[in-house]
Amino acid sequence: MIDFRALADTYDTPLYIYDFDRITRQYEALKKAFSGRKSLISYAVKANSNLSVVSHLARLGSGADCVSIGEVRRALMAGVPKYRIIFSGVGKRDDEIEEALEKDILLLNLESEAEMERVEAIAAEKGIKARISVRVNPNIDPKTHPYISTGLHENKFGVDIETAKRIYIRANNSAHLDPVGIHFHIGSQLTELDPIKEASMIVADLVRSLLAIKIELKFFDVGGGLGIVYDEETTIEPYDYAQAILSTLHGLDLTVICEPGRFMVGNAGWFLTRVLYEKVNEGKRFIIVDGAMNDLLRPSLYNAYHKIEVVDKSGDESPADVVGPVCESGDFFAKNRPLPPTEPGDLIVVHSAGAYGFAMASNYNTRPRPAEVAFEGGKERCIRVRESFEDLIRLEKMCL
Ligand code: LLP
């Protein structure tokens, strides 16, 4: 049991809290699901990129799926071996491609023919052969929120099957490209297995047709997307997920890569905030807290549901909006949520905040980002101190 009150006393609020033992359990469960098959779990760093989180996963044997050179640097700093690092992303700058090649990571995941040409040219300048994979867009509806759905042709991600084939043939004939993998990612917070299986089947067929023309890939990267329970969703069991994918790979000798972000850290994190006031506007109840949309954006951006609890409080529940101090009507954590009466100083816990919580935080309204605390084996430690006003203005220049 986490003592939220003690944590608020020590670190103040708003605060992010993570349970590293839970992260370990998530990692082990997924690894076990793929046991008996060559596999690599490459944690999607974007979900929570704190160095301690990434290094915890690195110690468990995880790789890293990165979408900027900054994330690649983080992964290396956190101790992820270079041969377990993937660099994906729909638009990579030349300097990012150069650095990724210099760092000799496992592979660069390409998302267009134009990008292939850039990678080839940069690899040629360096006199090396770049290991690449191609992100295929299998045109599958993942049945999730449109903002986090990525596998349809109307989305900006990846290339269609025919373009992918062209890229592989061209790369295979290039002195500076080594096509080693194939990749797809159809969306995030997936709770249904069929779309993943269907996508996997389509991409496995492409692997077979490449094999027929002597293009032999090693890595089959199924992206991330495993959903978690925020409310009362039925989610996919790691075993069923692994079986669904593996069942499409008969006769193929491939290492399966998966890139889970949310699944690893989502339910291993809480956001703790303090009640400032309560007020009622013409019968509508508001609980105003010291955390805001700049700290945890998911409710505002996706209308996402996060379970909310008032610490050590009971009493007659009535519907309330839990809102922050930012000057936007969209600044809320919950709407019409049944909650007990609160008083200034009470603590409110927002659940499932480990993924895309701190990672999407900003300094909007000149608000310093929260501190982050981790628990492991019953011991707590601060893994990021609260930002100060000075941190916020450090890079600004004032014309006097
Ligand atoms: N691999 C690729 C290529 C991705 O684009 C993503 C997520 C992942 C892996 C990890 O997906 P996960 O396992 O975490 O579902 N901010 C949104 C989520 C955006 C996900 C973007 N891509 C949210 O808060 O729900």
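Values in this text are rule-based calculations from the coordinates and carry no lab data. Keep in mind it's a predicted model, so treat the numbers as computed, not measured. Glycine gets a Cβ as well: all are built from the backbone with ideal geometry, and neighbour counts include every protein chain shown.
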Computed [θ] at 222 nm, deg cm²/dmol, the chain (DSSP H ≥ 4; -39,500 (n - 2.57); rounded to nearest 500): -8500 deg cm²/dmol
query: Once phi is turned into ³J(HN,Hα) by the Karplus curve 6.51 cos²θ - 1.76 cosθ + 1.60 with θ = phi - 60°, what whole-Hz value does each residue of segment 58-66 show in order, with x for glycine and proline?
result: 4, 5, 7, x, 6, x, 9, 9, 10
statement: Percent relative contact order for segment 178-296, counting Cα pairs under 8 Å at least six residues apart, stands at 26 percent
task: Please report, in cubic angstrom per residue, the volume enclosed by the convex hull of the alpha-carbon atoms of segment 352-392.
output: 74 Å³
message: For a quick check: with amide H placed at 1.01 Å from N, whose amide H comes under 5 Å from VAL311's, ignoring anything fewer than 5 positions away on the same chain?
response: LEU347, ILE348, VAL349
task: Between ALA204, ALA114, ALA353, find the one with the highest GNM mean-square fluctuation for the chain; connect C-alpha pairs within less than 10 Å.
output: ALA114
- request: Can you quote the Å³ per residue value for the convex hull of the Cα atoms in segment 283-353, rounded to an integer?
  value: 89 Å³
query: Check ASN48: other-chain or 5+ apart residues with amide H under 5 Å from its amide H, H built from backbone geometry?
result: TYR356
query: So which GluC sites (Glu not before Pro) in segment 305-400 are both in a DSSP loop and have at most 14 other Cβ atoms within 10 Å of their Cβ?
result: GLU317, GLU328, GLU396
message: Using square roots of five times the C-alpha gyration tensor eigenvalues, list the equivalent-ellipsoid semi-axes of segment 4-75 in whole Å, biggest first.
response: 27, 17, 8
statement: For the PHE286, THR234 Cβ pair and Förster radius 30 Å, calculated FRET efficiency rounded to 0.05 is 0.35
- prompt: What does the charge count near PRO299 come to, summing +1 for each Lys or Arg and -1 for each Asp or Glu among other residues with Cβ under 10 Å from its Cβ?
  reply: +1
- prompt: If you look at just the Cα atoms of segment 1-143, how large are its Rg and its Dmax in Å?
  reply: 18.1, 58
message: What percent of all Cα-Cα pairs in segment 34-260 falls into each 5 Å bin, going from 0 up to the bin containing the maximum distance?
response: 1, 7, 15, 19, 21, 18, 12, 5, 1, 0, 0
message: Antiparallel versus total DSSP beta bridges in segment 34-260: what percent is that, nearest 5?
response: 5 percent
Descending semi-axes in whole angstrom, ellipsoid equivalent of the chain, from the Cα gyration tensor: 41, 23, 19
query: Which whole-Hz ³J(HN,Hα) couplings does segment 298-314 yield from phi under the Karplus relation 6.51 cos²θ - 1.76 cosθ + 1.60, θ = phi - 60°, glycine and proline marked x?
result: 4, x, 5, 7, 10, 6, 6, 8, 10, 5, 10, 9, 9, 5, 6, 10, 9
field: Long-range HN-HN contacts of ASP221 with modeled amide H, under 5 Å
entry: ILE182, HIS183, PHE184, ILE257
message: For a quick size check, give me the Cα extents of segment 318-400 along its three principal axes, largest first, whole Å.
response: 52, 40, 25
message: Among DSSP bridges having both ends in the chain, what percentage is antiparallel? Round to the nearest 5.
response: 45 percent
query: Hey, what do the phi angles of segment 79-91 turn into as Karplus ³J(HN,Hα) couplings, whole Hz, using 6.51/-1.76/1.60 and θ = phi - 60°, x for Gly and Pro?
result: x, 6, x, 4, 7, 10, 10, 10, 10, 10, x, 6, x
task: Anything over 18 Å Cα to Cα? Flag those among LYS103/LYS126; LYS126/LYS218; LYS82/LYS129; LYS92/LYS165; LYS279/LYS335, in the order listed.
output: LYS126/LYS218; LYS92/LYS165
